[in-house]
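Just below is one structure, and these are the notes that go with it.
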Amino acid sequence: MLLILTPNIDPESEVYRQLLAHLSSLQNIQVRVHREEGVEQSLTEVYLIGNTAAISLHDMRSLPGVERAVRVSEEYRVLGRHKGDDRDSHFDYQGVRFGQDTLHVFAGLCAVDNPTNVELMMRALSENGQICTRMGAYKPRTSPYSFQGHGRKCLPYVFELAGKYGIKVIAMEVTHESHIDEVQEALHGTGNPTGVMLQIGTRNMQNFELLKIVGRQQEFPVLLKRGFGITLDESLHAAEYLASEGNRKIVFGLRGMKTNIGEPHRNFVDFAHVPVVKRLTRMPVCVDPSHSVGFRTSGPEGILDVMHATAQGVIAGANMVLVDFHPLPAQALVDGPQALTLEELPHFLEDVQIAREAYEKRMRLAERYRSQEGEPALIVS
Ligand code: PEP
Ligand code: MN
């Protein structure tokens, strides 16, 4: 059960103390408090875990300090959508809003190789009105003999160049808790010129100890990529690991599934799950067409498969696109075969815009039919 307390309730107040004392005295119930400091107000949520069937919603609602009480389903307690639960589904980071209604493109280098290519990438983004990017410094690789990323060494110039070109958020994978400290140190050392969204890759998304550590920090939002060989439910539970530790600023990423059924693409594109994740949870949803498709092949009409896959995700309501670009794909140290070139960036962005407009048109169409039929706006399972 979830109790939403009156906004700005003071944890030192008598009302709060009495409420917590009362809740802690409930038999076989564990109490977990989550505070969210917003720009305008602070929100306190109390999760009651255990035998809550015996507790009445009415009793909970009438307790001083409680604004609302919601019976949450067992699934995805923190991130899920529950009946009567109208909490917001967006977060702000670095002045950028991430929600189920926004769209941001994170075009950038799969792996940072040298300052020249980072600068060429950042400049192209800025010339095309972009404020987000992806930059890999820590690369989990299949072979131990492959390039693993420049790690902490490249962070200062990546952050400084991001600041120089007005990039506000960099998606960057971390594979170990020490990487969070290194990112933090480099950001502070360079005067915080930009922000970082910590990415947990498909290979680490069930590394529960890493999830707990990343979930415990609240400085950085998280992009959690779906596990490529597990069910959607299992991947959503991994997201819940982050949230249950306190960090709710999570974007859920679809990146294709590993199966030879997807061949000749690198992974089987799973972007039909965009609306499913939005229905089951309140997380914004990212699609990664580069790691899904894996190659620069194109259809007979001359549209790259990566652009087709992107459009499929965006037209279904994706909120973020993570996509590999490189000034010289042939020289990229990681995933060159799937990288788009800087010359293709304006084409790519215009194509995304077309898909987004089609999505908005589809929403208006659905709204028109819904109002004719008098159906509710959201069908929650
Ligand atoms: C990446 O985005 O660079 C990456 C390695 O992705 P994934 O974890 O989805 O393979
Ligand atoms: Mn890659």
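The values are calculated or read from the model by the stated rules, or taken from the named source; none is laboratory data. From a predicted model like this one, the values you see are computed outputs, not experimental measurements. Ideal geometry is used to build each Cβ from the backbone, glycine not excepted, and the neighbour counts take in all protein chains shown. These area figures cover heavy atoms from the full protein model, side chains too; ligands, DNA and RNA do not enter into them. Shrake-Rupley method; radii C 1.70, N 1.55, O 1.52, S 1.80 Å.
Among the residues of segment 168-181, is there at least one that is over 23 Å from Thr142 (Cα atoms), open to solvent by less than 10 Å² (accessible area, probe 1.4 Å) and either within 11 Å of ligand 1 (Cβ to nearest atom) or touching a Cys at 6+ places or on another chain (Cβ under 8 Å) (or both)? Checked segment 168-181: at least one residue is over 23 Å from Thr142 (Cα atoms), open to solvent by less than 10 Å² (accessible area, probe 1.4 Å) and either within 11 Å of ligand 1 (Cβ to nearest atom) or touching a Cys at 6+ places or on another chain (Cβ under 8 Å) (or both).
For the criterion of being open to solvent by less than 80 Å² (accessible area, probe 1.4 Å) and either farther than 15 Å from Arg87 by Cβ or in contact (Cβ under 8 Å) with a residue 24 or more places away in the chain (or both), Pro64 fails. Entry remark, segment 109-125: residues being open to solvent by 40 Å² or more (accessible area, probe 1.4 Å) and more than 24 Å from Gly95 (Cα to Cα) number 4 in total. Take Leu322 and decide whether it is within 14 Å of Leu103 (Cβ to Cβ), within 16 Å of ligand 1 (Cβ to nearest atom) and among the hydrophobic types (A, V, I, L, M, F, W, C). So Leu322 passes the test. Annotation note: of Leu23, Leu63, the sole residue that is assigned to a helix (DSSP H, G or I) and among the hydrophobic types (A, V, I, L, M, F, W, C) is Leu23. Residues of segment 182-215 that are open to solvent by 40 Å² or more (accessible area, probe 1.4 Å) and among the aliphatic types (A, V, I, L, M): Ile213 alone. Screening the candidates Asn207, Asn247 for the property of being polar (S, T, N, Q) and more than 14 Å from the chain's Cα centre (by Cα) yields one hit, Asn207.
Out of contact with any Gly (no Cβ under 6 Å at 6 or more places or on another chain) and either within 19 Å of Ser244 (Cβ to Cβ) or in contact (Cβ under 8 Å) with a residue 60 or more places away in the chain (or both): which single residue out of Gly38, Gly84, Gly99 fits that description? Just one listed residue meets the conditions, Gly99. The requirement of being within 16 Å of ligand 1 (Cβ to nearest atom) and either open to solvent by 10 Å² or more (accessible area, probe 1.4 Å) or not assigned by TED's automatic domain parsing to the domain that holds Leu280 (or both) is satisfied by His104. If you check every pair at least six apart or on different chains, which have Cβ atoms under 9 Å apart with a residue in segment 165-177 that is in contact (Cβ under 8 Å) with a residue 60 or more places away in the chain first and a residue that is more than 12 Å from ligand 1 (Cβ to nearest atom) and open to solvent by 40 Å² or more (accessible area, probe 1.4 Å) second? Cβ pairs passing all conditions: Lys168/Gln94; Lys168/Gly95; Lys168/Ile131; Val169/Gln94; Val169/Ile131.
Taking the criterion of being more than 22 Å from the chain's Cα centre (by Cα) and either closer than 17 Å to Phe106 by Cβ or open to solvent by less than 40 Å² (accessible area, probe 1.4 Å) (or both), the residues of segment 126-142 that qualify are Ser126, Glu127, Asn128. Just one of (1) within 18 Å of Arg282 (Cβ to Cβ); (2) open to solvent by less than 70 Å² (accessible area, probe 1.4 Å) fails for Lys83. It is (2). Scanning segment 277-314 for residues that are among the charged types (D, E, K, R) and either over 20 Å from the mean Cα position of the chain (by Cα) or not assigned by TED's automatic domain parsing to the domain that holds Thr259 (or both) gives Arg296, Glu301, Asp305.
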